[in-house]
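The values are calculated or read from the model by the stated rules, or taken from the named source; none is laboratory data. Note that the structure is predicted; figures quoted are calculated from it, not measured. Cβ placement follows ideal geometry from the backbone for every residue including glycine, while neighbour counts extend to all protein chains displayed. The area values use the complete protein model at the heavy-atom level, side chains included, leaving out ligands, DNA and RNA. Shrake-Rupley method; radii C 1.70, N 1.55, O 1.52, S 1.80 Å.
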Amino acid sequence: MEKNPSTSMAITIFQKADNGLLSKSISLGDDGQPKSDGSACLMFRGSARGVEVAGAVELAAIINGLKSSEAISLGVIDDAKTGSTPGNPVNVVTARKLPAPRDGVIARTTEYLVFQSQCPGFMLLDYDVKGMPAAVFNALNAAGGIWDALVETCPGLKESGRVQRASTSAGLFNAETDERFLGSGGLHIYIAVADVSDIPRALKVLHQRLWLADYGWFLVGSTGQLLERSIVDASVGSPERLIFEGAPLIKAPLAQDREARTAVATVGPIIDTRVAIPDLKTEERTELTSLQENARKALGKDSAARRADSDQKLAKKLSEKTGSPISTILVSLRHRHQRKLLPLHPLLFDDPEIGEATVADVL
């Protein structure tokens, strides 16, 4: 999508093929609590179109108007790669199904969706309380909430133009009993920024500064790996990433108060992220390294126990599938903890036509 670098902001709206669901499905579980299913949050076919956005108020209106079959990304389509007229909708397929020539067809990859240098746009701050330690949760409350904690960490964010949107589970209630349910507490905050190409750096540095402000932690993953977390997800700063803001599918007897999830705009200036979120100084990097090393040591025993249990379960599964001895498979699996995947290691793909394959299959 062509843009005026000095004034124009833009996002991309994706439409799933056949108006398929591109949001969560939420139903009432056997325990009487809402249960979310995000399996529909995948898109292999559909269309995409670039949309110019005047500012935070207009972005909020767009988000509030999204259909359940739509999602957004904060990058823009690189029209030079599409062979189509700038601004026109394009078809979207997986990268391995791209036709030749590729006129009017893209894959949802960074080859086709980009952050244009020196162009304003929006940076997503994705706040999720899942796995948050009590100490961080208490510190957030003491600061006055997520936004106050962010401003405390990087004061340059304070006056920024922004949009705030509650999680998909906000405002749920049982229509038969009128029982109200607490949402997940998650939040999306879109900050108006002067140069979208700086978003990957800015999110990484914000994450580091949040650690220095005691808003960071490690989470022990399902295979025993230590997952680095903070109150803002540093992994969402990519132009092709889908953000699922469309209305969820709510199954009776559940219902949702839509007002509780309305995107709300705060009018303010576009910020220069290089000024508002400056790189760490040498002494700050040293402090961060020490903080994280101490946090890793504190979780060492839990991590090792989870890792051993995960290896045993997967080795047993692979042994039954291949006939190889569990002891042999365990040797192979342990390499994954050094970030090395040997040929036997299984890989799961979102694309249902692939499903599960081994490293050897991919190679």
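The table below gives the values:
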read-out	value
5 angstrom amide H check on Met9, placed H, neighbours 5+ away	Val53
Surface share of carbon and sulfur [accessible, 1.4 angstrom probe, percent] for region 244-290	56
Loop-located trypsin sites (Lys or Arg not before Pro) in region 264-308, at most 15 other Cβ atoms within 10 Å (DSSP)	Lys281
Quotient of Cα Rg and 2.2 N^0.38 Å for region 238-289, N being how many residues it contains	2.00
Loop GluC sites (Glu not before Pro), region 87-188 (other Cβ atoms within 10 Å of the site Cβ: 16 or fewer; DSSP)	Glu111, Glu159, Glu176, Glu179
Cα-projected label distance for Thr94 with Leu347, points at 7 Å along beta-carbon direction, nm	1.2
Calculated FRET value between Leu227 and Val264, using beta carbons and R₀ = 35 Å, to 0.05	0.70
Residue-level accessible surface for Lys97, protein heavy atoms, 1.4 Å, Å²	100
Hypothetical label at Lys317: residues of region 24-50 whose amide nitrogen lies under 19 Å (7 Å Cα-Cβ projection)	38-39
Spacing of the two label points (7 Å from each Cα toward its C-beta) at Asp30 and Arg49, in nm	4.5
Gain on full stretching of the segment that runs from Asp309 to Asp214 - 0.36 nm per residue minus C-alpha separation	31.1 nm
FRET efficiency, Ala80 to Glu179 (Cβ-Cβ, R0 51 Å, nearest 0.05)	0.45
Only Lys, Arg (+1) and Asp, Glu (-1) charged, at Cβ; the chain dipole about Cα centre in debye	1020
Solvent-accessible area per residue for the chain (1.4 angstrom probe, square angstrom)	50
Taking the C-alpha atoms of the chain, convex hull volume expressed per residue in Å³	171
GNM top mover of Gln15, Gln292, Gln33 - the chain, alpha-carbon springs below 10 Å	Gln33
Residue among Val264, Pro99, Phe349 farthest towards the positive dipole end of the chain, charges placed on Cβ	Phe349
Residue among Asp198, Asp148, Asp178 with the largest mean-square fluctuation in a Gaussian network model of the chain, springs linking Cα atoms under 10 Å	Asp178
Kirkwood Rh in Å, taken over all unlike Cα pairs in region 259-363	18.7
Theoretical gain in end-to-end length, Ala357 to Thr328 [0.36 nm per residue, Cα-Cα removed]	8.5 nm
Helix runs (DSSP H) in the chain reaching 27 Å along axis by Cα, Kyte-Doolittle at least 0.5	none
Virtual spin-label span in nm between Glu111 and Ser197, 7 Å along Cα→Cβ	2.2
Contour excess over end-to-end distance, with Cα ends at Thr286 and Ser235 and 0.36 nm allotted per residue	16.1 nm
Choice from Gln256, Gln208, Gln118 showing the highest fluctuation, given a GNM over the chain with Cα pairs closer than 10 Å	Gln118
Kirkwood Rh and Cα Rg combined as Rg/Rh, region 27-141	1.07
